[in-house]
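What follows is one structure encoded as structure tokens, with my remarks underneath.
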Amino acid sequence: MRLISAISEASGRVNEDGFGLAGTPEDVTAAWIFDGVTGINERNYLPGNSDAAWLVEKANAHLQVLAAQDLSLKEILARLVKALIIDWQDVSPSLRLPVDFDPPAACLVLVKRYGNQWQSLRLGDSCLLVEKNDGQHHLDVSSPNNEFDDWLTQAAKMMRAQGERDIKKMVEAFRPELIASRLARNTPDGYGILEARSVVLDYAEYRGLGEARSILLCTDGFYRAVDHYHQLSPQQLVQRCKLEGGAASILRQLREIEAGDPDCVKYARFKPADDATAVMLSA
């Protein structure tokens, strides 16, 4: 498949998203996206722009090597997590971490071609939209964490109705619930996500995608065009992103909507804006 577009834009000072490719733009053999989970600690502890950005940067560097090799997705993930554990062991002894430290984590979607067949690996709530050769679409856009996100959105809406606009104060108000949600990572009653822990290997989702015509990987910040702002259907999102400049135009529209609704009144959401990343591949 050819690379049609790859964009990643921060919603604030730091972009905690990321993406990467293996192969060439004219013959992509693997592609991936990250959505770093914004920490709820009082401050950042790891080197880099943020704790989540540290994890994404490390993981992206490792995948640049691993995804290009003739390895199964399970083996790629196993080696990636092992490398991240070593990275954590290298840096953590010098850190003075609080008892309730929220470790860095990230959503990951990775697709790789084996022969003429594509396979996918997914951890977290980033999105995978696949257009099959027969024109049918396969969507991986839901996550067990979506229920909590919906609750958080409505709780934030109530706080805003009472006059609160400071996102940091909202995070502090919901800290017990946020901690409980994060403790559910990579547990039977929770959801899978990329961390520097071997338990991650038990919670990845794997799918065979067959001979796909097009593949769109995007973080939930980009998918807001569908599930929050209702500008496009999932199928329309794929078709727009296949056009030259299509993904960039969608992102511009997202930012215009967010700028016009900074208090999240018209479109209920926890954060006024989110980092947004999309990688579009097509035959």
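What the table below lists for this structure:
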{"item": "Alpha-carbon centroid distance for the pair the range 110-147 / the range 40-62, whole angstrom", "result": "26"}
{"item": "Asp227 paired with Lys169, simple spin-label distance in nm, labels 7 Å along Cα-to-beta-carbon", "result": "2.9"}
{"item": "Correct choice for Cα Rg over 2.2 N^0.38 Å that was computed from the model, options (i) 1.17; (ii) 0.98; (iii) 1.07", "result": "(ii)"}
{"item": "Separation of the Glu211 and Asp263 label points, Cα + 7 Å toward Cβ, nm", "result": "5.6"}
{"item": "15 Å reach of a label modelled at Asp134, 7 Å along Cα-to-Cβ, counting backbone N of the range 201-221", "result": "209-213"}
{"item": "Fraction of the pair-distance distribution of the range 1-124 above 18 Å, Cα-Cα pairs, percent", "result": "54"}
{"item": "For the range 144-283, Kirkwood radius (reciprocal of mean inverse C-alpha pair distance, Å)", "result": "17.2"}
{"item": "Per-residue HN-Hα couplings for the range 147-164 [Karplus 6.51, -1.76, 1.60; θ = phi - 60°; Hz; x = Gly/Pro]", "result": "4, 5, 4, 5, 4, 5, 4, 5, 5, 5, 4, 5, 5, 5, 5, 8, x, 7"}
{"item": "Rg(Cα)/(2.2 N^0.38 Å) for the range 40-99, N = residue count", "result": "1.28"}
{"item": "Computed E for Asp150/Gln64 - FRET, C-beta separation, R0 51 angstrom, nearest 0.05", "result": "0.90"}
{"item": "Extreme residue, positive dipole direction of the range 59-198, given options Val130, Ser72, Ala173 (C-beta unit charges)", "result": "Ser72"}
{"item": "Rounded to whole Hz, the Karplus (6.51, -1.76, 1.60) HN-Hα couplings of the range 24-35, x for glycine and proline", "result": "10, x, 8, 8, 6, 9, 7, 8, 7, 9, 10, 10"}
{"item": "Listed residue pairs exceeding 27 Å between alpha carbons, taken from Lys74/Lys242; Lys112/Lys132; Lys157/Lys242; Lys58/Lys157; Lys58/Lys266", "result": "Lys74/Lys242; Lys157/Lys242; Lys58/Lys157; Lys58/Lys266"}
{"item": "Among 82-88, 218-224, 167-173, 236-242, the order from most to least packed when residues are scored by Cβ within 10 Å on average", "result": "218-224, 236-242, 82-88, 167-173"}
{"item": "Where labels lie 7 Å past Cα in the beta-carbon direction, separation of Arg2 and Ile85 in nm", "result": "4.3"}
{"item": "Among 122-134, 256-268, the order from most to least packed when residues are scored by Cβ within 10 Å on average", "result": "122-134, 256-268"}
{"item": "Residue among Arg175, Arg13, Arg160 with the largest mean-square fluctuation in a Gaussian network model of the chain, springs linking Cα atoms under 10 Å", "result": "Arg13"}
{"item": "Cα-based Rg / Dmax (Å) for the range 139-184", "result": "12.0, 38"}
{"item": "The chain, relative contact order in percent, only Cα pairs under 8 angstrom and at least six apart counted", "result": "28"}
{"item": "Size of charge dipole - the chain - debye, nearest 20, with Cβ of Lys, Arg +1 and Asp, Glu -1, no other charges", "result": "180"}
{"item": "The chain - mean residue ellipticity at 222 nm from DSSP helices (-39,500 (n - 2.57) per run, n ≥ 4, rounded to 500)", "result": "-11000 deg cm²/dmol"}
{"item": "Per-pair calculated FRET efficiency, R0 = 22 Å: Arg197 and Leu71 via Cβ, rounded to 0.05", "result": "0.60"}
{"item": "Lys, Arg +1 and Asp, Glu -1 on Cβ, resulting dipole of the range 105-172 about Cα centre, debye, nearest 20", "result": "220"}
{"item": "Sorted peptide list for 103-110, 243-250, 182-189, criterion being average Cβ within 10 angstrom, highest first", "result": "103-110, 243-250, 182-189"}
{"item": "Order of His230, His62, His137 - criterion: other Cβ atoms within 10 Å of each residue's Cβ, fewest first", "result": "His230, His137, His62"}
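Read the figures in this text as sums done on the coordinates, not as results from a lab. This is a predicted model, so every value here is computed, not measured. FYI the Cβ positions are ideal-geometry reconstructions off the backbone, even for glycines, and counts take in every protein chain you see.
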